[in-house]
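Asks: Handing you this structure, nothing more for now.
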Amino acid sequence: QVQLVESGGSLVQTGGSLRLSCAASGRAVSSYGMGWFRQAPGKEREFVATISFTGGTINYADSVKGRFTISRDSAKNTMYLQINSLKPEDTGVYYCAAGTNYYGTRVESEYEYWGQGTQVTVSS
């Protein structure tokens with residue numbers, strides 16, 4: 001079994017910062033590629049960022065590039081998403097995902113494991 005638990009979501013104001021965490025447990029978790037996705041109200045879930053199992057390959061959606069930073073701590077089996085300069089359009093449920101694609105993928109269907117999500121709400 002692989003379990004992913006997100007935390008850190010909150011209600012913040014525009015321009016604020018937030019750090020999301022995804023704690024992973026299970027066999028071979030450290031060797032998985034991981035990613036963050038989000039789903040805004042009334043919209044489909046979309047790719048945010050991915051990171052390879054080594055942390056050496058990182059990709060961001062254009063909408064978050066320059067403001068979001070993805071990272072992982074292999075010793076803690078934890079992935080992070082640092083979010084700066086929050087905008088109202090960043091509002092949504094943020095999900096972490098893990099899969100056997102070691103390099104990470106922006107394609108939702110390529111991930112085998114998903115967390116329950118953490119709510120991020122950005123108010124004006």
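Asks: Testing the spin-label approximation: label points 7 Å from Cα along Cα→Cβ at residue 19 and residue 7. State their distance in nm.
Replies: With each label placed 7 Å out from Cα toward Cβ, I get 1.3 nm.
Asks: On full extension of the chain, what length is gained from residue 119 through residue 30, given 0.36 nm per residue of separation minus the C-alpha to C-alpha distance?
Replies: 29.5 nm is the gain from fully extending residue 119 to residue 30.
Asks: Per residue, how much accessible surface does the chain expose to a 1.4 Å probe? Answer in Å², no decimals.
Replies: Averaged over the residues of the chain, the accessible area is 52 Å².
Asks: Which residue, 81, 11, 20, tops the fluctuation ranking in a GNM of the chain built on C-alpha contacts under 10 Å?
Replies: Result: 11 has the largest fluctuation of those listed.
Asks: How many Å³ per residue does the convex hull of the Cα positions in the chain occupy?
Replies: Expressed per residue, the convex hull around the Cα atoms of the chain is 88 Å³.
Asks: Work out from phi, with θ = phi - 60° and the Karplus expression 6.51 cos²θ - 1.76 cosθ + 1.60, the ³J(HN,Hα) of each residue of the range 106-111, listed in order in whole Hz, and give x for Gly and Pro.
Replies: Those phi angles translate into 8, 8, 4, 5, 7, 9 Hz.
The values are calculated or read from the model by the stated rules, or taken from the named source; none is laboratory data. None of the values given here were measured: they were computed from a predicted structure. In this analysis, Cβ positions are derived from the backbone assuming ideal geometry, glycine residues included, and neighbour counts consider all displayed protein chains. Heads up: the accessible areas ignore ligands, DNA and RNA and are worked out on the full protein's heavy atoms, side chains in. Shrake-Rupley method; radii C 1.70, N 1.55, O 1.52, S 1.80 Å.
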